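Just so you know, all these numbers are worked out from the coordinates, no wet-lab data involved. Owing to the predicted nature of the structure, the values given are computational and were not obtained by experimental measurement. When we count neighbours, we look across all protein chains shown, and the Cβ atoms used for this are built from the backbone with ideal geometry, even at glycine.
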Amino acid sequence: MRPVEIDDTEPFIDVCGEYDIVKMTASWSWPVTKEVARERFCNALKFDPSKRLTLAILHDDGFIGLAGLGIKDDTDVHKLGYMIGRSWWGRGLMTEAVKALCQHGFSAMNADVIEADHYFDNPASGRVLEKAGFVKIRPADDTYSAARQENVPGWHFRLTSEGLRM
Ligand SMILES: CC(C)(COP(=O)(O)OP(=O)(O)OC[C@H]1O[C@@H](n2cnc3c(N)ncnc32)[C@H](O)[C@@H]1OP(=O)(O)O)[C@@H](O)C(=O)NCCC(=O)NCCS
């Protein structure tokens, strides 16, 4: 993994610009355009990486996904998000990426607690979180899906450094 770059825009659209991927995230709207992705990647580069970090996941030097961790405004809680292209699902890659990013969050980003949500209709994401050591806490509060343009119920998970499974 490495920090996302503007040149990741087109590979990102090719790999992750699919409704079944985007609809599982809270903040990406549908359809994902190059303009939107480029603007988000530009913004990601402006943040202090000790507070908010967006990483490109690479495999054989090619872009295959994104993982981000950042402190939520006006809180001391870090929030995790991720997506990976369909061709790479089911190989343990996102679990590996999530573990590495969370370890970095605890060691270099001053994170005490890392939070993540997933929609009920996305059990694979719940499994990624469980394998990394996250604990299911309660139904999620923030349920709006920009892609689906509706509230979608989900689960809220938390991880502390003691819980991280490496
Ligand atoms: C969810 C997602 C990140 C998983 O990535 P991945 O690289 O396939 O994850 P891993 O291979 O590390 O682990 C997936 C786990 O989910 C399990 N799984 C897959 N489909 C499942 C399902 N329908 N029900 C339950 N578990 C499922 C896999 O068997 C695996 O668990 P295992 O190792 O115990 O067998 C990927 O599918 C994705 O990007 N989806 C679209 C975007 C998204 O959902 N982002 C997260 C938003 S919260």
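Brief remarks follow.
- Interatomic Cα distance distribution for the chain, bins of 5 angstrom, percent: 2, 9, 19, 22, 23, 18, 7, 1
- Chymotrypsin sites (Phe, Trp or Tyr not before Pro) lying in DSSP loop within the stretch 77-157, provided at most 15 other Cβ fall within 10 Å: W89, F120
- In sequence order, the stretch 58-71 has phi-based couplings of 10, 9, 6, 6, x, 5, 10, x, 10, 9, x, 9, x, 6 Hz under the Karplus curve 6.51 cos²θ - 1.76 cosθ + 1.60, θ = phi - 60°, and Gly or Pro positions carry x.
- Pairwise label distance in nanometres, V135 with D60, each label 7 Å out on the Cα-Cβ vector: 4.1
- Cleavage-rule hits (trypsin sites (Lys or Arg not before Pro)) in the stretch 1-94: DSSP loop, at most 15 neighbouring Cβ within 10 angstrom: K51, K72, R91
- Near F120, the amide H atoms lying under 5 Å from its own belong to G154, W155; only residues 5 or more places off or on other chains count, and H is placed 1.01 Å from N.
- Loop-resident GluC sites (Glu not before Pro) (DSSP state other than H, G, I, E or B) in the stretch 98-166 with no more than 10 further Cβ atoms inside 10 Å of their Cβ: E162.
- In plain terms, the chain from S161 to S29 could stretch by 44.3 nm, reckoned as 0.36 nm per residue minus the Cα-Cα distance.
- Dipole of the chain, positive direction: furthest Cα of F106, F41, G17, with charges on the beta-carbon: F106
- Amide H contacts of T25: none lie under 5 Å away among residues 5 or more positions distant or on a separate chain (H built 1.01 Å from N in the peptide plane; Pro and chain starts excluded).
- By the count of other C-beta atoms within 10 Å, a proxy for reagent exposure, H59, H118, H156 are ordered fewest to most as H59, H156, H118.
- Zone of A108's modelled label, taken as backbone nitrogen in the stretch 43-75 under 13 Å from a point 7 Å along Cα→Cβ: 49-56, 69
- The length gained by stretching the chain between A146 and E18 to full extension, at 0.36 nm per residue less their Cα-Cα distance, is 44.7 nm.
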